[in-house]
Amino acid sequence: MAASAQVRDVRQSTLSVPCVNTQLKGVSCLRLSVLTDETTSPERQRDANQGAAAALGIDLADREAVDLGVSASKTTPFQRPELGAWLRRPTEFDALVFWRFDRAVRSMQDMHELATWAREHRKLIVFAEGPGGRLDLDFRNPMNPMTELLIMVFAFAAQFEAQSIRDRVISAQAAMRVMPLRWRGSRPPYGYQPAPLEGGGWTLVQDTEAAAILERIIRELMGDPSKDIAPKSLAAIARGLNDDGIPSSRDHWSLRQGRKTGGKTGGAVGETVVRERFAWRHGAIKELLTSERLLGWKTQGNNPVRDSEGAPVMATAEPILTREEFDAIGAVLAARSVNNQKPDRVDTVALLLRVIHCAGCGQRMYLHRPGINSKSTSKTETYKCPAHTRGYTCEAPAIIKREWAEEYVERDFLRILGALEVTQTRTIPGYDPEPELRATLSEFEAHQAQQGRQKSSAAKAAWQRHADALDARLAELETRERVEPRTESISTGKTYATLWAKADTAGKRKLLLEAGAHLIVKRGTRGGWRTLDERRVDFDVRDPFFADAASDLTAMADELEASGLL
């Protein structure tokens, strides 16, 4: 029998559909790494999936998982936006239908995880096309070792192909990186746009729209003494660009590509924030102005790419700046830079960082410490609304003397929580056998795939001993019960007032932040400069535990005061 016929027999033997009265519900799975790839277009994949589903009596209806611009080498099936969502709802379908094997996975590990999921949920996986025809993997019934071996062979082939593609791309990019005027692709530096290069390939030319914005930025940064135009700070420049609705460098390219602006960005630790638009920031402008890309140089990891003689390799014949202009801008920025290595940095001495907020815009306020180079004659340290330095507009920016704000917070914090006893929490871990069970099962399945490949009696005996040991371990793990972790509180015998008195600035700030301390400051009124107008400030603790404790302590204090004992 020919090899192809043997493969077909194995393929067909994997599909054993039990006789049922209900039609199978399927999900048509489409994926593209590159949106412009016509050879694997969504329409072609969709047609192939529908044909395979019709041949097997699978109803696709309008169930689809369409992941465009998603790489199978960089994401598992469970990480893809639409396919991952379907995999988390296994009760809504019976089968997954892919055009080809590489539309599903590009690694053996991903295939193993997908097969494990299909086996656990008893699903059918169909690949509409491939070597030898359609491949149907029915995980609703136990699979024979030959079929599992076939799965691993195809997964290995997909992984090998993905690695080959990756190696070719990296090699091509490395070669183009040292070619003068040759652009390898991807998003160009701000101020440039791709253009066809004579003889083939692409180069960079000036993007007239973005170059005009760069000219505006540089003009405002440098000023013009002859026209009595004062230089602007980077923050003021950013604020002007935002107020005028100029798309940021990141959004500019999205608009050029016909895509939505904004996207994901970082927030607090472990938090992802999605913005509709990205705003200009002073740091981003400084990065633009100090990058050798403005000289037309190619860079890698922010370092210039150099030829064999050490000269920078040019990415364009139309650089935006000359060397003299670039150096002049750098000198201006260097003269305005702040030394962040001083021992009295703001974040080491400001008690209310991440605690104090402006009522006008809701943003955190920051400590301002006039230095010897400040144009202000005042030496008063203040907490200020950041709108002016962050490039956005606040309708009522607040400013408050540092000593007023810190004395007010210290007094109220100790009044609210000073008498509260400090407790420490300790988490006692539980036990969950599931992770070890999955890992052991994975090892067992991989070991089973090697069955029958041993030639000697000694090797067969060793194989069987290991199989028996894994089987015994699985049986033991299945008998173990899950124990939930628990948290217990340990009394320290100390109050917050005691800890506060002994703590330095950083320690006190930590106590405030752990309690969810939050101070809101309103804009001051005329004449309110001699003492703090407490109508401007509002302080509370927002952690639910501390808020409840504070409420109890306050109620107790009110009772004592009413009875004359306080």
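The values are calculated or read from the model by the stated rules, or taken from the named source; none is laboratory data. All values derive from a computational prediction rather than experimental measurement. Heads up, the Cβs are rebuilt from the backbone with ideal geometry, glycines too, and the neighbour counts pull from every protein chain shown.
Among what's in the stretch 476-514 and is part of a loop (DSSP other than H, G, I, E, B) and at pLDDT 85 or above, pick the residue that is surrounded by the most Cβ atoms within 10 Å (Cβ to Cβ).
Selected residue: 503.
Give the residues of the stretch 88-143 that are β-branched (Val, Ile, Thr) and closer than 16 Å to residue 65 by Cα, sorted by residue number.
Scanning the stretch 88-143 gives 91, 97, 105, 125, 126.
Could you please let me know if residue 159 is surrounded by fewer than 19 Cβ atoms within 10 Å (Cβ to Cβ), within 18 Å of residue 31 (Cβ to Cβ), modelled with pLDDT under 90 and not small (Gly, Ala, Ser)? Don't jump to the end; show me each part of the working.
On the way: surrounded by fewer than 19 Cβ atoms within 10 Å (Cβ to Cβ): no; within 18 Å of residue 31 (Cβ to Cβ): yes; modelled with pLDDT under 90: yes; not small (Gly, Ala, Ser): yes.
No.
Inspect the stretch 72-89 for any residue being acidic (Asp, Glu) and closer than 20 Å to residue 130 by Cβ and give the result as yes or no. Don't jump to the end; show me each part of the working.
Within the stretch 72-89, the first condition is being acidic (Asp, Glu), and the residues that meet it are 82.
Among the residues that remain, those that are also closer than 20 Å to residue 130 by Cβ are: none.
Looking through the stretch 72-89, none of the residues is acidic (Asp, Glu) and closer than 20 Å to residue 130 by Cβ.
Return yes when residue 348 is surrounded by fewer than 16 Cβ atoms within 10 Å (Cβ to Cβ) and either at pLDDT 80 or above or in a loop (DSSP other than H, G, I, E, B) (or both) and no when it is not. Quick ask: steps written out before the conclusion?
Values: surrounded by fewer than 16 Cβ atoms within 10 Å (Cβ to Cβ): yes; either at pLDDT 80 or above or in a loop (DSSP other than H, G, I, E, B) (or both): no.
Taking the combined requirement at face value, the residue does not satisfy it.
Can we say residue 405 is at pLDDT 75 or above, part of a loop (DSSP other than H, G, I, E, B) and either assigned by TED's automatic domain parsing to the domain that holds residue 539 or of a type in the set (A, V, I, L, M) (or both)? Full working, then the answer.
Numbers: at pLDDT 75 or above: yes; part of a loop (DSSP other than H, G, I, E, B): no; either assigned by TED's automatic domain parsing to the domain that holds residue 539 or of a type in the set (A, V, I, L, M) (or both): yes.
Answer is no for this residue.
Select from the stretch 429-451 the residues that are assigned to a loop (DSSP other than H, G, I, E, B), surrounded by 12 or more Cβ atoms within 10 Å (Cβ to Cβ) and small (Gly, Ala, Ser) and list them in ascending order. Steps first, answer last, please.
Within the stretch 429-451, the subset assigned to a loop (DSSP other than H, G, I, E, B) is 429-430, 432-433, 449-451.
Then keep just the ones that are surrounded by 12 or more Cβ atoms within 10 Å (Cβ to Cβ); that gives 432-433, 449-451.
Of everything in the stretch 429-451, just one residue is assigned to a loop (DSSP other than H, G, I, E, B), surrounded by 12 or more Cβ atoms within 10 Å (Cβ to Cβ) and small (Gly, Ala, Ser), namely 449.
Per-residue answers, yes or no, for (1) within 31 Å of the chain's Cα centre (by Cα); (2) buried (at least 20 other Cβ atoms within 10 Å of the Cβ); (3) in a loop (DSSP other than H, G, I, E, B):
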{"residue": "183", "(1), (2), (3)": "yes, yes, yes"}
{"residue": "186", "(1), (2), (3)": "yes, no, yes"}
{"residue": "190", "(1), (2), (3)": "yes, yes, yes"}
{"residue": "211", "(1), (2), (3)": "yes, no, no"}
{"residue": "214", "(1), (2), (3)": "yes, yes, no"}
{"residue": "231", "(1), (2), (3)": "no, no, yes"}
{"residue": "238", "(1), (2), (3)": "yes, yes, no"}
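Scanning the stretch 65-99 for residues that are acidic (Asp, Glu) and in contact (Cβ under 8 Å) with a residue 60 or more places away in the chain, which turns out nearest to residue 112 (Cα to Cα)?
Of the residues in the stretch 65-99, the ones acidic (Asp, Glu) are 67, 82, 92, 94.
Then drop every residue that is not in contact (Cβ under 8 Å) with a residue 60 or more places away in the chain, which leaves 92, 94.
Values: 92: 22, 94: 19 Å.
For the stretch 65-99, the residue satisfying everything is 94.
Among 458, 467, 517, which is without any contact (Cβ under 8 Å) to a residue 12 or more places away in the chain and either closer than 30 Å to residue 361 by Cα or among the small types (Gly, Ala, Ser) (or both)?
Of 458, 467, 517, the one residue that is without any contact (Cβ under 8 Å) to a residue 12 or more places away in the chain and either closer than 30 Å to residue 361 by Cα or among the small types (Gly, Ala, Ser) (or both) is 458.
Any idea which of (1) outside any loop (DSSP other than H, G, I, E, B); (2) surrounded by fewer than 19 Cβ atoms within 10 Å (Cβ to Cβ); (3) modelled with pLDDT of 90 or more is the one residue 328 doesn't satisfy?
Only one criterion in (1) outside any loop (DSSP other than H, G, I, E, B); (2) surrounded by fewer than 19 Cβ atoms within 10 Å (Cβ to Cβ); (3) modelled with pLDDT of 90 or more is unmet by residue 328, namely (3).
Could you tell me whether the stretch 540-549 includes any residue that is surrounded by 12 or more Cβ atoms within 10 Å (Cβ to Cβ) and at pLDDT 85 or above?
Among the residues of the stretch 540-549, at least one is surrounded by 12 or more Cβ atoms within 10 Å (Cβ to Cβ) and at pLDDT 85 or above, which makes the answer yes.
Just to verify a result, which residue in the stretch 515-526, among those that are outside any strand (DSSP E or B) and among the small types (Gly, Ala, Ser), is surrounded by the most Cβ atoms within 10 Å (Cβ to Cβ)? I'd like the intermediate steps shown before the answer.
Step one: list which residues in the stretch 515-526 are outside any strand (DSSP E or B), which gives 515-516, 522-526.
After this cut, where a residue has to be among the small types (Gly, Ala, Ser) as well, the list is 515-516, 524.
Working: 515: 23, 516: 15, 524: 16.
Among residues in the stretch 515-526 that are outside any strand (DSSP E or B) and among the small types (Gly, Ala, Ser), the one surrounded by the most Cβ atoms within 10 Å (Cβ to Cβ) is 515.
State the number of residues belonging to the stretch 515-533 that are farther than 21 Å from residue 349 by Cβ, modelled with pLDDT of 90 or more and not basic (Lys, Arg).
Count: 1.
Evaluate the following for residue 54: is it out of contact with any Leu (no Cβ under 7 Å at 6 or more places or on another chain), part of a loop (DSSP other than H, G, I, E, B) and not charged (D, E, K, R)?
No: the conditions fail for residue 54.
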